[in-house]
Every structure is written in C-alpha cells, then in structure tokens.
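The values are calculated or read from the model by the stated rules, or taken from the named source; none is laboratory data. Computed from a predicted structure; not experimentally measured. Please note: Cβ atoms are built from the backbone with ideal geometry, for glycine as well, and neighbour counts cover all protein chains shown. To get the accessible areas, we keep the full protein, side chains included, count just its heavy atoms, and leave off ligands, DNA and RNA. Shrake-Rupley method; radii C 1.70, N 1.55, O 1.52, S 1.80 Å.
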Amino acid sequence: MSKSWIISSIVSVLIVAASIGSILYINRAVPQQLSSKVLLADATASKASATASGSQKLKDVIFTTQKKVVMLETEAGSLGSGFLYNKQGDVITNAHVVSGVKQVKVKTADARILTGTVIGIGTKTDIALVRVPELAGTEPLQLSSQKTAEVGDEVLALGSPLGLQNTITTGIISGVGRDFTIDPYVYRNLYQISAPIAPGNSGGPLVQADTGEVLGINSAMASESNTIGFSIPVSEIQDTVQQWSAKPMSELPEAIESADEDIEPSEEMSEEEYGEYIVSYFYENLNMQDYVTAYSLLGSNWQGHTDYAEFRQGYMNTGYVSIDSITSTTSGDQVSVTVQITADERKDNTNVTSMYKLTYVVGYENDILKIISGKGEKVQN
C-alpha cells in the first residue's frame, strides 16, 4: 500500500511539469441520469476504426495480465499489490508493502487465499520478493526486454487501489528519469505515469498496453493529484530479485520505522481524494467498455432508476470525452465531485465538440463508496 509518508513526501521532493495537467483521464460517456440529458455520439470514423482494430488486443492483454496480479495483505490489515515474476511462485512487490513481516496473505484473481513468505526485501530500494509455493509452475508475467520506456508509450497500471482487486487504469509514460529520496528509500530513474493510481496500487505492475510486458513496479503517487504516479523500472531491479530468488535471505532486516507506520487505506487519502478516484475509476471502466464494473459503482437509488441494460445501452454509441479538470468538496459524510469535460459528439451526421460541467455526489452505502447521483450542464465554448 502506498503509505501516507510516501504520498505526502512526493510534493516536497519533486515539482511535476505543468504540461502533465493536459494528460488526463479519457472516458466514453456521461451518465444518462444527468439532468441535462447529455448524449455523446460516435467519434469520427477513423478514431472508431482505430479503436475497433485495437480494442480486442487490449482486452486480451488485460485478460491475460490480470490473472498474474495479486493483492497482498499483512496481519496488521495493510494492503498492497504484487505480480508473479517466475515459475517458482515468486511475487514482486514494494518493500514498504511488506516491511516488518515475514508472512503475508496473498489473494489471487480467482479468489484463492494463499500464504506467502518474504524471501528478499530492500532497505534502500523499495523492492521485495514474496514466495508463494502454491503458485509454483504458473506462467508468470514477462518482463520487458527494452532498457527504458519512452515518453508517450501507452501503459496499464494494475493492482488493488483502495482494496478494489483487479483494477486496471490506462495512461501513458509522461516522464522518465525522475529521481528523489523518501527516507529510507532512494528512487532513481523512475517512470512518471498518467495512469491513475491510489493506495493499494503499490507493488502492482506497470505493463505495456500492446504487449502486456512489465515495464515497472508502481510505487508512489503525487499527493496533490492521483493522476500522477511513479514506477520503478524493472531494469533497475532485475539483478536483485534474481539473486533473492536463487538465494533467499536467511534473515530479514528489522522493520524500518518510517516504513512501518502502517495505517488503514481510509486514513491515507482525504474523503475528497477518495471521491475523485471513484469518479475517475468509473470513467476508466467506461473507457474499457467494462460496463459491469462501472455500473457496480453506482448507488442503489441510481441503479433503481436505471437497470443495467439501459445503462449499457446508453454508452454503446458514444464518443470520447476528456476530463479537463476535477475538484471536490465535502459536505457531511458525502463528497461532491465536479468535473469539466470536452466531448466529441455526433449530431446530425456531423462531429462537434462540446464542453460540459458535471457534478457527482459520492458517499458510502453499506461501508462501500458509491456514486450516489449526478447532474450536468452544457458550458459555452
């Protein structure tokens, strides 16, 4: 889990380029429940054709990759992610996820609960290796053969943010060679990514969208925005994990005090950040045409007025939408999340671009965060 000390420290050690603000979430639609009855039509034929030609391949990559990603939970209840590294059942994760423990609970994509043993952990490098005997013989994820990724490469970030297992977010490599130190760990040559991540993503893989090969290990996020994350390139840690796998540590180092300040996920992010993440995650699922997951994020009242068939149908012929800004405020136990979007719409056989301002109410239902309601209005260009 990306702990609060990691999240809060990023701001003081790194100034993120202002240009990254333009690299934002992409989604496919605006909910039909919106009071303005916003309907988004098909994108241009060329964009639709390009998406159609690559969508099945992307789905194949996701389907194959997420089977090899696990959720890790310590006895104290802290959560993180990891991925299968070799056929010996070794799982790569972050050191701060498993610091101070020998055994860890491993939950697989098919809902099995297994036990893993930490066989290697860094004290300066935020990397650890967990051996899970029951996973031995399983085909692992492939590490990328390229030395470094390039700015603009399309990527997928996999993990269990906020305990939501099998979460996939999309983005690009938005920066390379980022360096900083967050005591006790030293981070070098990090990838900066636009794929949204949150606490629980730590240790999960960053993979190439076209091949599924692992480029990096998701390790931290900027506290001012969950749209900016940082991943350790696999090229930086391959030698280390190979040594641990061949010769596990006989004794693990003592827990590092700063890394052992484990807290529950709900305490690591503000209510506003949780609300913004859920809304962004909702859009990400629409972008990947995962309507089932997107629908599950809606509150019971919203679902009561719109069944799944209607919900899905409302997005079948929609175009692309980019979120230009996202802000939130708290009122009682609910969060109001406001987003402004630019939408490509198809009207009367013509493609037009429109802007909308949308507001969602996010709150808890049975201790699960849901999108309770939404409304929107068109903004003059």
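Pairing each residue of the stretch 225-236 that is of a type in the set (Phe, Trp, Tyr) with any residue that is open to solvent by 20 Å² or more (accessible area, probe 1.4 Å) and modelled with pLDDT under 95, provided the two are 6+ apart or on different chains, yields C-beta distances under 9 Å for Phe230/Leu14; Phe230/Arg178.
Residues that are touching an Asp or Glu at 6+ places or on another chain (Cβ under 8 Å) and either not in a loop (DSSP other than H, G, I, E, B) or not β-branched (Val, Ile, Thr) (or both) within the stretch 123-134 comprise Leu129, Val130, Arg131, listed in sequence order. In the set Gly200, Gly229, only one residue is closer than 20 Å to Asp110 by Cα and either modelled with pLDDT under 90 or open to solvent by 20 Å² or more (accessible area, probe 1.4 Å) (or both); that residue is Gly200. The requirement of being surrounded by 22 or more Cβ atoms within 10 Å (Cβ to Cβ), under 21 Å from the mean Cα position of the chain (by Cα) and within 20 Å of Ile197 (Cβ to Cβ) is fulfilled nowhere in the stretch 100-108; no residue meets it.
Condition check for Ser266 on (1) in a helix (DSSP H, G or I); (2) open to solvent by 50 Å² or more (accessible area, probe 1.4 Å); (3) modelled with pLDDT of 85 or more: one failure, at (3).
Summed over the stretch 102-115, the residues that are in contact with a strand residue (DSSP E or B) (Cβ under 7 Å, 6 or more places away or on another chain) and assigned to a loop (DSSP other than H, G, I, E, B) give a count of 3. Of the residues making up the stretch 132-149, those that are more than 20 Å from the chain's Cα centre (by Cα) and surrounded by fewer than 21 Cβ atoms within 10 Å (Cβ to Cβ) are Pro133, Glu134, Ala136, Gly137, Thr138, Glu139, Pro140, Ser145, Gln146, Lys147, Thr148. Just the residues that are surrounded by 19 or more Cβ atoms within 10 Å (Cβ to Cβ) and at pLDDT 80 or above, please, taken from the stretch 314-358. Correct list: Ile326, Ser328, Val335, Val337, Val339, Tyr356, Leu358. Within the stretch 295-313, track down each residue that is of a type outside the set (A, V, I, L, M, F, W, C), surrounded by 14 or more Cβ atoms within 10 Å (Cβ to Cβ) and in a loop (DSSP other than H, G, I, E, B). Listed by number, the residues that qualify are Gly299, Thr306. Of Val118, Val186, all but one fail to be in a strand (DSSP E or B), modelled with pLDDT of 95 or more and at negative phi; the exception is Val118. Residues in the stretch 366-381 include none that are hydroxyl-bearing (Ser, Thr, Tyr) and either in contact with a Leu (Cβ under 8 Å, 6 or more places away or on another chain) or surrounded by fewer than 18 Cβ atoms within 10 Å (Cβ to Cβ) (or both). What about Asn285, is it under 21 Å from the mean Cα position of the chain (by Cα), modelled with pLDDT under 85, among the polar types (S, T, N, Q) and not in a loop (DSSP other than H, G, I, E, B)? Considered against the rule, which asks whether it is under 21 Å from the mean Cα position of the chain (by Cα), modelled with pLDDT under 85, among the polar types (S, T, N, Q) and not in a loop (DSSP other than H, G, I, E, B), Asn285 comes out as yes.
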